[in-house]
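Student: I'd like to ask some things about the structure below.
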Amino acid sequence: MLTFLGDWVLGRDVCVYSGSVIDLFGRAGVGEHATRSTLTRMVGRGLLRRQREGRRMYFGLTERSEAVLRDGEGRIWQTGAVNRNWDGTWTLLGFSLPESWQRQRHDLRSQLTWSGFGPLFSGLWIAQGEVEMGPILTELGLAAHVKVFRAHADAGMDIGAMIEETWELPALAGRYEEFVRRWQPQEHASTGAEEALVARLRLSTEWLRIIRQDPRLPVKHLPDDWPAEQAEKTFRAVHERLSPGARVAAERLLDLVPVR
């Protein structure tokens with residue numbers, strides 16, 4: 001759903017008819033009940049707003065969802081999957097939460113993973129570069145329970161070994177390799193407009209799912225055959241091929257109205 005909203009609603013000051021979303025998701029194999037439930041949950045979480053036009057219900061973005069989607073957009077198109085410009089800086093984040101705060105602990109860890117952190121030790125997480133966590137911690141209500149530092153490793157520190165111990169590199173590499181196997185044959189395939197719309201939705205969703213779990217570690221400390229660069233090339237090539245048809249189909253299938 002976030003991929004769909006980022007593709008066709010973000011930055012356009014429009015709301016989308018729920019029936020359009022149900023129709024498109026049905027073409028992608030998602031049932032009507034699941035789609036409606038997702039829309040309802042996102043309204044409840046402050047990620048969508050409702051706008052009624054006659055007998056039809058439309059959904060638009062909120063400030064919160066727009067911020068989430070802008071972050072994802074930047075991660076895909078600006079930040080990239082390969083980090084060649086690391087300056088040696090690490091961000092260290094320590095936290096101590098009551099055992100009963102299971103939801104808060106889950107939310108914090110999810111945000112840390114999205115921000116590129118890995119668990120160095122229990123309650124101490126590390127990420128490459130200077131990661132700004134203030135707004136996230138404030139939103140989670142955990143600023144008083146978390147301490148954040150900038151650091152550099154000592155000269156004798158084996159950074160490659162630390163990375164292997166902190167992040168599951170083989171699993172991440174496997175996801176990139178599987179992405180290439182799945183999508184590289186589509187770089188030159190012929191696809192109809194509606195098929196292109198569905199395929200681009202799946203492509204972007206799968207790519208975002210992978211890079212959400214990628215801490216963008218400095219490439220000089222990763223294996224020589226690290227597959228992220230090839231996977232990113234595949235994503236961009238297939239996305240470019242699918243986009244013209246997807247835009248034609250979206251124009252025909254999506255009922256959009258201006259935000260009021």
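The values are calculated or read from the model by the stated rules, or taken from the named source; none is laboratory data. Note that this is a predicted model, so its numbers are computed, not measured. Don't worry about glycine lacking a Cβ; one is built from the backbone with ideal geometry, like all the others, and counts go over all protein chains shown. Side chains included, ligands, DNA and RNA excluded: accessible areas come from the protein's heavy atoms. Shrake-Rupley method; radii C 1.70, N 1.55, O 1.52, S 1.80 Å.
Student: Helices (runs of 4 or more DSSP H) wholly in segment 142-246 with at least 3 residues that are under 30 Å from LEU24 (Cβ atoms) and either within 20 Å of the chain's Cα centre (by Cα) or free of Cβ contacts under 8 Å to residues at least 40 places away in the same chain (or both) - which ones? Please lay out each step first, then the result.
Tutor: On the way: elements: 159-166, 169-183, 193-212.
Qualifying helices (runs of 4 or more DSSP H): 169-183, 193-212.
Student: Given the residues ARG55, ARG64, which is the only one that is over 25 Å from GLU194 (Cβ atoms) and over 19 Å from the mean Cα position of the chain (by Cα)? Write out each step before concluding.
Tutor: Details: ARG64 fails: over 19 Å from the mean Cα position of the chain (by Cα).
Result of the check over ARG55, ARG64: ARG55.
Student: State which residue is surrounded by the most Cβ atoms within 10 Å (Cβ to Cβ) when the search covers only segment 112-157 and only residues that are of a type in the set (Val, Ile, Thr) and within 14 Å of LEU92 (Cβ to Cβ).
Tutor: Quick first cut of segment 112-157, residues of a type in the set (Val, Ile, Thr) only: 113, 126, 131, 136, 138, 146, 148.
Adding the requirement that they be within 14 Å of LEU92 (Cβ to Cβ) leaves 126, 131, 146, 148.
Working: ILE126: 23, VAL131: 21, VAL146: 20, VAL148: 17.
Among residues in segment 112-157 that are of a type in the set (Val, Ile, Thr) and within 14 Å of LEU92 (Cβ to Cβ), the one surrounded by the most Cβ atoms within 10 Å (Cβ to Cβ) is ILE126.
Student: From LEU201, LEU242, LEU217, grab the single residue that is out of contact with any Pro (no Cβ under 9 Å at 6 or more places or on another chain) and within 27 Å of ALA127 (Cα to Cα). Walk me through how you get there before you give the answer.
Tutor: Details: LEU201 fails: within 27 Å of ALA127 (Cα to Cα); LEU242 fails: within 27 Å of ALA127 (Cα to Cα).
Testing whether each residue is out of contact with any Pro (no Cβ under 9 Å at 6 or more places or on another chain) and within 27 Å of ALA127 (Cα to Cα) leaves just LEU217.
Student: So which of ARG105, ARG109 ends up being touching a strand residue (DSSP E or B) at 6+ places or on another chain (Cβ under 9 Å), of a type in the set (D, E, K, R) and open to solvent by 50 Å² or more (accessible area, probe 1.4 Å)?
Tutor: Numbers: ARG105 fails: open to solvent by 50 Å² or more (accessible area, probe 1.4 Å).
Criteria check complete, one pass: ARG109.
Student: If you check GLY174 against the conditions, is it more than 28 Å from LYS220 (Cβ to Cβ) and open to solvent by less than 80 Å² (accessible area, probe 1.4 Å)? Give the derivation first.
Tutor: Numbers: more than 28 Å from LYS220 (Cβ to Cβ): no; open to solvent by less than 80 Å² (accessible area, probe 1.4 Å): yes.
Spelling it out, it is not the case that GLY174 is more than 28 Å from LYS220 (Cβ to Cβ) and open to solvent by less than 80 Å² (accessible area, probe 1.4 Å).
Student: Take GLU99 and decide whether it is open to solvent by 60 Å² or more (accessible area, probe 1.4 Å) and either more than 21 Å from the chain's Cα centre (by Cα) or farther than 26 Å from ILE210 by Cβ (or both). Steps first, answer last, please.
Tutor: Details: open to solvent by 60 Å² or more (accessible area, probe 1.4 Å): yes; either more than 21 Å from the chain's Cα centre (by Cα) or farther than 26 Å from ILE210 by Cβ (or both): yes.
Yes, satisfied.
Student: Go through LEU222, LEU256 for me and flag whichever is among the hydrophobic types (A, V, I, L, M, F, W, C) and modelled with pLDDT of 95 or more. Step through it out loud before you land on a result.
Tutor: Values: LEU222 fails: modelled with pLDDT of 95 or more.
Every option except LEU256 fails the conditions.
Student: Considering only segment 192-239, state which residues are in contact with a strand residue (DSSP E or B) (Cβ under 6 Å, 6 or more places away or on another chain) and either open to solvent by 60 Å² or more (accessible area, probe 1.4 Å) or of a type in the set (D, E, K, R) (or both).
Tutor: ARG216 - this is the single residue of segment 192-239 that is in contact with a strand residue (DSSP E or B) (Cβ under 6 Å, 6 or more places away or on another chain) and either open to solvent by 60 Å² or more (accessible area, probe 1.4 Å) or of a type in the set (D, E, K, R) (or both).
Student: Hey, can you tell me all the residues within segment 69-87 that are of a type in the set (Val, Ile, Thr) and either in the same structural domain as LEU10 (by the TED database) or not in a helix (DSSP H, G or I) (or both)? So that I can check it myself, show each step before the final result.
Tutor: Here is the first cut: in segment 69-87, the residues of a type in the set (Val, Ile, Thr) are 76, 79, 82.
Scanning segment 69-87 gives a single hit, VAL82.
Student: Which helices (runs of 4 or more DSSP H) does segment 1-65 wholly contain that include 2 or more residues that are open to solvent by 50 Å² or more (accessible area, probe 1.4 Å)? Working first, answer last.
Tutor: On the way: elements: 2-8, 18-27, 32-44.
Result: 18-27, 32-44.
Student: Applying the selection to segment 240-260, what residues are surrounded by 14 or more Cβ atoms within 10 Å (Cβ to Cβ) and either of a type in the set (Asp, Glu) or closer than 14 Å to GLY19 by Cβ (or both)?
Tutor: Once the filter is applied, which keeps residues that are surrounded by 14 or more Cβ atoms within 10 Å (Cβ to Cβ) and either of a type in the set (Asp, Glu) or closer than 14 Å to GLY19 by Cβ (or both), segment 240-260 yields LEU253, LEU254, ASP255, LEU256, VAL257.
Student: Among the residues that make up segment 102-110, is at least one of them closer than 28 Å to PRO227 by Cα and either within 25 Å of the chain's Cα centre (by Cα) or not assigned by the TED database to the domain that holds ASP214 (or both)? Before you say what the answer is, go through the steps one by one.
Tutor: Taking segment 102-110 as the starting set, the residues that turn out to be closer than 28 Å to PRO227 by Cα are 109-110.
Filter once more, keeping what is either within 25 Å of the chain's Cα centre (by Cα) or not assigned by the TED database to the domain that holds ASP214 (or both): 109-110.
The answer is yes, given that some residue of segment 102-110 is closer than 28 Å to PRO227 by Cα and either within 25 Å of the chain's Cα centre (by Cα) or not assigned by the TED database to the domain that holds ASP214 (or both).
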